[in-house]
Amino acid sequence: MGYGEQVAYEESYGEAGASALTPAEESKHLVAYAPLVKRIVRQLNSQVAGAIDRDDMEQIGLMGLLEALRRYGAPDTGFGSYASLRIRGAILDELRRQDWRPRAVRQQSHKLRDAMRALTRKLGREPNEKEAIAGLGITAEEYMAYQLDENAELIASFDEVLQDTLADTSSMPGPEEQLLLRRSLEQALMGLDEREQRVVQMYYEFELSYKEIAAVLDLTDARVCQLNKAALGKMKAVLQA
């Protein structure tokens, strides 16, 4: 990240709210939660095909972590979930700002999306991986890239819904806000089948990559993408209801 961009982030996040922490305490907590930033960066980096340098993503994530500390105050057991949301939000905001998908990639994604919808209507259900690859006339690698692209869009959209839930919280979210968000997420999770719940839990709670989740569940990476996409779509609908 260039100096000007770093200053912009410092100006953006530095005045987010009155800090109850001293600079020394902030530094201590930044070091303590740095592994959380690295896990989230590793998770997101696998989906954006090097659109932003990994070191820059970590720098942006650390700024998101700093914002979380200044809004939340001294970390407790609920801070990790709150910080994860802020870290992911900071990175996704920068990805959107840089318009990380080239026009040709966006056009190809829209074309494949339309073809997938047509295939789904023809079959009367969502096609499995082999059917999609054959029906779309693409390679397994191209299908995986399409799935990652679709998931990146949906994850950004889903995170925006979660960010909106905390939008009115300019300082540490109170017990009522935390309880409301937790109950809303629990309700949304209840609408998922068991495998979708496991995928969402491993992705959001344990910050595993699709490849790691696929290994745990003995599925292909593309199938994990499908499950995550379906799960987040259902959860988003519940949270916006």
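For the pair Ala134 and Ser27 in one chain, pulling the backbone fully straight at 0.36 nm per residue adds 33.3 nm over the alpha carbon distance. Set the bar at 30 Å for Cα to Cα. Now go through Lys38/Lys111; Lys28/Lys234; Lys38/Lys130; Lys28/Lys211; Lys38/Lys236; Lys38/Lys229 and name every pair that lies beyond it. With Cα atoms farther than 30 Å apart: Lys38/Lys111; Lys28/Lys234; Lys38/Lys130; Lys28/Lys211. The calculated FRET efficiency for the pair Gln197 and Ser81, based on their C-beta separation and a Förster distance of 22 Å, comes to about 0.85. By the count of neighbouring beta-carbon atoms within 10 Å, fewest first, Asp114, Asp159 end up ordered Asp114, Asp159. Residues Arg121, Arg195, ranked from the fewest to the most other C-beta atoms within 10 Å, line up as Arg121, Arg195. This ranking places Leu185, Leu92 by how few other beta-carbon atoms lie within 10 Å of each, fewest first, which gives Leu185, Leu92. Straightening the chain between Glu141 and Ala34 buys 35.3 nm, computed as 0.36 nm per residue apart minus the Cα-Cα spacing.
Each reported figure results from applying straightforward, stated rules to the coordinates on display, with no laboratory input. Just so it is clear, the model here is predicted, and its values are computed rather than measured. A quick note on method: Cβ atoms are made from the backbone with ideal geometry, for glycine too, and the neighbour counts reach across all protein chains shown.
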